[in-house]
Amino acid sequence: MKIGIVCYPTFGGSGVLATELGKALAQNGHQVHFITYKQPVRLHGFIPNIFFHEVHVPSYPLFEYPPYETALASAMVDVIKNSRLELLHVHYAIPHASAAYMAKQILRDEGIDIPVITTLHGTDITLVGRDKTFAPVVAFSINHSDVITAVSQNLKEETYRHFHIEKDIKVIYNFVDTGRFRKKTVDAFRKLIAPHDEKILIHASNFRKIKRVQDVVKIFSEVNRQIPAKLLFIGDGPERITAEDLARELDLCRDIRFLGKQDQIEEILPLGDLFILTSEYESFGLAALEAMAAGLPVISTNAGGLPEINIHGVTGFLADVGDTEAMARYAVNLLSDENELKKVKENVLAHAQKFDIRKIVPLYEETYREIIQGEVFSHSLKS
Ligand code: GMT
């Protein structure tokens, strides 16, 4: 199949997922065209079957706000026509689903019918999408997608709760390449971070407010009071500074490292003993799944779709948003019981298998085939 993928090319989970999906599809022999404003972060090196089309927005003195959505819709039209795409898969509703709607209408006038799949990822529904500024356009463009998928049951329910959606939403869970994440710990690296064999806790996110990164520092502070430990922060974003401030205030700078953005997260995760995710909301929590695939139990909040991914008492523990005491208690209990820790580490590896790339990508391929075959109007450029 010839597939167009539109996503945010940044470190966010939706962009990561879309890029990994495109790479897997290309490996399965499909031709994949990424259409976005920058090369996606997880797309490096030459990969046969993958094409990258950069969207440029010219700047004119008249434009106070560069019209990215218009440029994107035009790029979609161009790539769909000239590369003879059979379907367009957009990740994150804003502005990708509405740009896809516009492209579809333009192409329809030219006798081309391009099926559009929209995958909802989270804040495009629960936070940004619900904002009155965007809501009518989000609801309209979701309703006009040929197929809608959501990355968890919770996100599907949230979408129906917040918008009047007339179509069925299919849940296709996010995935991880378990083979890639299951790496052996490099002892020399571990020694550099934890020279006295301290336990290593890890948090990875884009440090947005919704991640509550200060809670991670609070949890670590309590754990470190009882068990010698180190904390690695992976990623960067607006709230990093508040986490750094709190680390200084609590005199934890020697034990906490801020590693910044990392594109080889699979090299770092296996150094850890425990992953902490304190978010106010996660539709899925891809970072937690990647941590599990690297063998790390997860202590997280019970918000959104997290209970679908992190199974309380099996793959880690869940607590209410903001209940840092409970999360610290779970962490201390687990880290101080080597047998239990070993058991949960085995559990997470087994659990991550359920979300393995080889199980989930075929669900997208099957959806693509159904949508292409079910199209009423065939693509006039199809040879
Ligand atoms: O969480 C973020 O800030 C990034 C965001 C995104 O759109 O890139 O992540 C969302 O999509 C991920 C991939 O499907 C999910 O794993 C995250 O849980 C979801 N984030 C939220 O719902 C807050």
Calculate how steeply helix 213-226 sits against the longest principal axis of the alpha-carbon atoms of the chain, using the helix alpha-carbon long axis, and give the answer as 0 to 90 degrees to the nearest 10. 20 degrees
Which order do Ser336, Ser145 take when ranked by solvent-accessible area (1.4 Å probe, heavy atoms of all protein chains), largest first? Ser336, Ser145
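If you stretched the chain out fully between Asp168 and Glu54, how much longer would it get, using 0.36 nm times the residue separation minus the C-alpha to C-alpha distance?
Values: separation 114, 0.36 × 114 = 41.04 nm, distance 3.21 nm.
Difference between extended and current length: 37.8 nm.
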The helix 324-335 Cα axis meets the longest alpha-carbon principal axis of the chain at an angle in degrees, between 0 and 90 and rounded to 10, of 70 degrees
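Of the GluC sites (Glu not before Pro) in the range 24-76, which ones lie in a loop per DSSP and count no more than 12 other C-beta atoms within 10 Å? Mind showing how you got there, number by number?
On the way: sites: Glu54, Glu64, Glu69; in loops: Glu64.
Taking the range 24-76 and a limit of 12 other Cβ atoms within 10 Å, the loop GluC sites (Glu not before Pro) found are Glu64.
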Distance in nm between pseudo-label sites at Gln153 and Leu363 (7 Å out along the Cβ direction from Cα): 1.2 nm
Output the 0 to 90 degree angle, nearest 10, between the alpha-carbon long axis of helix 93-109 and the longest principal axis computed from the alpha carbons of the chain. 20 degrees
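Set the bar at 18 Å for Cα to Cα. Now go through Lys81/Lys167; Lys183/Lys342; Lys211/Lys261; Lys230/Lys343 and name every pair that lies beyond it. Working shown, then result.
Values: Lys81/Lys167 28 Å; Lys183/Lys342 16 Å; Lys211/Lys261 16 Å; Lys230/Lys343 22 Å.
In this structure, Lys81/Lys167; Lys230/Lys343 lie more than 18 Å apart at Cα.
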Using a simple spin-label model with points 7 Å from Cα along the Cα→Cβ vector, what separation in nm is obtained for Leu127 and Gln226? 3.0 nm
Net charge (Lys, Arg +1; Asp, Glu -1) of residues whose beta-carbon lies under 15 Å from that of Pro95, Pro95 excluded, is -2
Positive-end extreme of charge dipole, the range 289-383 - chosen from Ile311, Ala294, Tyr364 (charges on Cβ): Tyr364
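So if each residue of separation counts as 0.36 nm, and I subtract the Cα-Cα distance between Glu267 and Asp78, what length gain in nm does that give?
Values: separation 189, 0.36 × 189 = 68.04 nm, distance 3.83 nm.
Value of the extension gain: 64.2 nm.
For Phe189 and Val314, compute 0.36 nm times the residue count separating them, minus their Cα-Cα distance, and round to one decimal in nm. Don't skip to the answer; put the middle values down first.
On the way: separation 125, 0.36 × 125 = 45.00 nm, distance 2.84 nm.
Result: 42.2 nm gained on full extension.
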Measure off 7 Å from each Cα along the Cα-to-Cβ vector at Glu64 and Val321, then give the distance between these two points in nanometres to one decimal. 3.3 nm
If unit charges are put on Cβ atoms (+1 for Lys and Arg, -1 for Asp and Glu) and the dipole of the range 178-354 is taken about its Cα centre, the option from Leu259, Val344, Gly179 lying farthest towards the positive end turns out to be Gly179
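When only DSSP loop residues count, what chymotrypsin sites (Phe, Trp or Tyr not before Pro) in the range 4-69 have their Cβ near at most 12 other Cβ atoms within 10 Å? Intermediate values should be presented prior to the final figure.
Values: sites: Phe11, Phe34, Tyr37, Phe46, Phe51, Phe52, Phe63, Tyr68; in loops: Phe11, Tyr37, Phe46, Phe63.
Taking the range 4-69 and a limit of 12 other Cβ atoms within 10 Å, the loop chymotrypsin sites (Phe, Trp or Tyr not before Pro) found are Phe46, Phe63.
Which of the trypsin sites (Lys or Arg not before Pro) found in the range 166-208 are loop residues per DSSP with 11 or fewer other Cβ atoms within 10 Å of their Cβ?
Details: sites: Lys167, Lys170, Arg180, Arg182, Lys183, Lys184, Arg190, Lys191, Lys199, Arg208; in loops: Lys167, Arg182, Lys183, Lys184, Arg208.
Answer in residue order: Lys184.
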Sum of -39500 (n - 2.57) over DSSP H runs of 4+, divided by residues of the chain (222 nm, nearest 500): -13000 deg cm²/dmol
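Order the peptides 253-260, 227-234 from the highest to the lowest mean number of other Cβ atoms within 10 Å of their residues.
On the way: 253-260: 14.9, 227-234: 21.0.
Packing order, densest peptide first, comes out as 227-234, 253-260.
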For a Förster distance of 56 Å, can you work out the FRET efficiency between the beta-carbons of Arg257 and Tyr160, rounded to the nearest 0.05? 0.85
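In Å², and per residue, what accessible area does the range 170-266 have when probed at 1.4 Å with the other protein chains present?
Ligands and nucleic acids excluded, the result is 51 Å² per residue.
The values are calculated or read from the model by the stated rules, or taken from the named source; none is laboratory data. Only a predicted model underlies this, so the values are computations on that prediction, with no experimental measurement involved. Because the Cβ atoms are built from the backbone with ideal geometry, glycine has one as well, and the counts that use them run over all protein chains shown. Just the protein is used for accessible areas: all its heavy atoms, side chains included, with ligands, DNA and RNA removed. Shrake-Rupley method; radii C 1.70, N 1.55, O 1.52, S 1.80 Å.
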